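The values are calculated or read from the model by the stated rules, or taken from the named source; none is laboratory data. Given the structure is predicted, the values throughout are model-derived calculations rather than measurements. Cβ placement follows ideal geometry from the backbone for every residue including glycine, while neighbour counts extend to all protein chains displayed.
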Amino acid sequence: MTAFDLIIIGAGPGGYETALLAAEHGKKVLLVNGDRLGGTCLNEGCIPTKCMVRDAEVVNLCRNSDEFGVKEVNYLVDFNKVVERKAQVVNQLRDGIAAMLAKAKVTVVGGMATFKTDTVVTVGEEEFTAPHIIIATGSSSKALPIPGADQPWCLDSTGVLNLDYVPASLVIVGGGVIGLEFASVFNAFGSEVTVIEFMKNIAPTFDSDISKRLKQSLSKRGVKIITGAAVKRMEQTEDYQILTTYELKGKEESVTSTDLLMAVGRKPNVDGLNLEAAGVEYSPKGIVVDDNMRTNVPHIYAIGDVNARMMLAHVASYQGRRALNAIDGVSDSIRFDVVPSALFTDPECAMAGLTEEQCKAAGIDIKIGKSFFRANGKALAAGEPDGLCKLIFDAQTEALIGAHIMGAQAALLAQQCCDMITARRTRKEIVETIFGHPTLSEVLLTAAQSV
Ligand code: FAD
Ligand code: NAD
């Protein structure tokens, strides 16, 4: 049995970033990984999807080039090249992770880890021990328990990322982040896209002003969006089409497509870990942790998607940093209540802090400021007039507590807001900060001025 200071199970953004940090802190680290380095985020999540988002932007730019005075642009989408570029970016980043781990002298073992006891982990025939263990095994796609969901043509996000053709028509079950990013991408590539969402708004975790506006924008681009509809079954017709039946306002309706994506959420990867042997408490909703990411077994931690607190890559990494600090007995000021989150559709949406709905539910008295991209010089110059910025301030203190943006570079703007919320900037301080002109950031200034 080989002994380490720390064992980390899973090499996604939670696991590998934490392993690098722990090694930097002088720990002897073992990183066990069942699949490719980089986890879901690098291999079948954030990065390959964002490659396709960029490809889609280029297609849209070619399509709308005459708006910029560039006439008669002939373009043809070579989807093989799209697939190839995506693979090249992912491989390059994966090689980078392998090199960083080697340089930091992290021991990497390939294989599925299983707990033997609360301090011993087995990988195949080998046994490893450490006084502290971090579980970072991520999550997998969920499927609805309905007829057709187990068929090979019912694809999850990985299945869609592996397509080597552009679907003629694509039905997407679930209008959350994954569903909408793919809807936006394949709409640009020319697929006829239909999104079926169960809730009354798409992107239900976003502020409702943003989700309603995004629905309008995507609909204008030709994405058919059906909300408040429950998908009942999917079946293949004699001519190999997929017939999806849903219930809308008590009536059954259906839609036909060549391809289908189911994106109705993700479930934590707890199977196969033998958590019982370590005595770690978990449920199908994930491993239960406290604010230091500590499980009920004090020397075992769970970070990232596997604790299902917030399934985002950067949250996984920062939870790892928090867990490491807890192991070392160090306190930190990481604010898990101010996490930037983005939806890389075209137009982009992003947020930081509280939504108006969350403020209402918490009984917080608020003031709201809004601005529109159509009144921003840089947005108009860039041909990006579609967008809204909504800032939420605490009515008593006037501190910024929420920012919700749809429009060009929304993710970057939300990051700027994240900084302002963390620094507890007030409306007056924001208005008295000099914003460069012309910049998209001025939508923040205009929104703050409008309160
Ligand atoms: P993962 O990245 O899932 O990594 C877990 C690793 O553990 C995997 O390599 C797995 O093989 C391994 N593993 C599992 N079980 C074992 C075991 N028993 N032994 C050893 N190894 C094991 N988030 C964002 O922030 N921004 C985005 O733009 C974004 N886009 C996304 C797009 C898609 C299509 C998807 C599916 C997700 C996206 N996400 C995005 C979410 C993001 O991918 C996850 O939040 C993130 O990967 C979670 O990191 P993690 O380290 O917890 O787990
Ligand atoms: P999600 O929870 O964001 O969305 C799932 C959607 O499916 C919800 O809107 C839900 O109401 C809907 N749904 C559930 N049952 C349904 C039914 N019967 N019929 C129709 N719709 C139904 O989950 P996701 O889109 O699968 O994404 C999973 C996770 O991946 C998210 O938690 C997210 O954090 C992460 N992710 C993040 C990004 C990003 O940061 N840009 C991108 C992709 C994924």
**OP:** Identify all residues within the stretch 86-104 that are touching a helix residue (DSSP H, G or I) at 6+ places or on another chain (Cβ under 6 Å) and farther than 18 Å from P13 by Cα; write none if there are none.
**Re:** K86
Original post:
For the subset of the stretch 258-294 comprising residues that are assigned to a strand (DSSP E or B) and within 15 Å of ligand 2 (Cβ to nearest atom), which member is surrounded by the fewest Cβ atoms within 10 Å (Cβ to Cβ)?
Top reply: K267
Subject >> Neighbours by Cβ (under 8 Å, 6+ apart or cross-chain): first from the stretch 33-54, farther than 20 Å from V123 by Cβ and touching a residue at least 12 places away in the same chain (Cβ under 8 Å); second within 11 Å of ligand 2 (Cβ to nearest atom) and among the aromatic types (F, W, Y) >> reply: T49/F182; T49/F344; K50/F344; V53/F344
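Restricting to the stretch 61-91, give me the number of residues that are among the hydroxyl-bearing types (S, T, Y) and part of a helix (DSSP H, G or I). Working first, answer last.
Residues of the stretch 61-91 among the hydroxyl-bearing types (S, T, Y): 65, 75.
Now narrow it down to the ones that are part of a helix (DSSP H, G or I): 65.
So the answer is 1.
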Subject >> Considering residues of the stretch 47-86 that are within 16 Å of ligand 1 (Cβ to nearest atom) and touching a Cys at 6+ places or on another chain (Cβ under 9 Å) only, the residue nearest to F186 (Cα to Cα) >> reply: V82
Original post:
Looking only at residues in the stretch 178-218 that are more than 22 Å from the chain's Cα centre (by Cα) and of a type in the set (G, A, S), which one is nearest to ligand 2 (Cβ to nearest atom)?
Top reply: S191
Original post:
Pick from the stretch 6-60 the residues that are among the small types (G, A, S), in a helix (DSSP H, G or I) and farther than 19 Å from A130 by Cα: which of them is farthest from ligand 2 (Cβ to nearest atom)?
Top reply: A56
**OP:** Could you please find all residues in the stretch 181-202 being under 24 Å from C359 (Cα atoms) and buried (at least 23 other Cβ atoms within 10 Å of the Cβ)?
**Re:** I202
Original post:
Which residue pairs have Cβ atoms closer than 9 Å, lie 6 or more positions apart in sequence or on different chains, and pair a first residue in the stretch 154-173 that is part of a loop (DSSP other than H, G, I, E, B) with a second residue that is aromatic (F, W, Y)?
Top reply: L163/F79; D164/F79; Y165/F79; V166/F79; V166/F186; V166/F189; P167/F186; P167/F189
Original post:
Can you find even one residue in the stretch 286-299 that is out of contact with any Phe, Trp or Tyr (no Cβ under 9 Å at 6 or more places or on another chain), farther than 24 Å from E181 by Cα and modelled with pLDDT under 95?
Top reply: no
Subject >> Those residues of the stretch 59-82 which are surrounded by 12 or more Cβ atoms within 10 Å (Cβ to Cβ) and out of contact with any helix residue (DSSP H, G or I) (no Cβ under 9 Å at 6 or more places or on another chain), in sequence order >> reply: C62, N64, S65
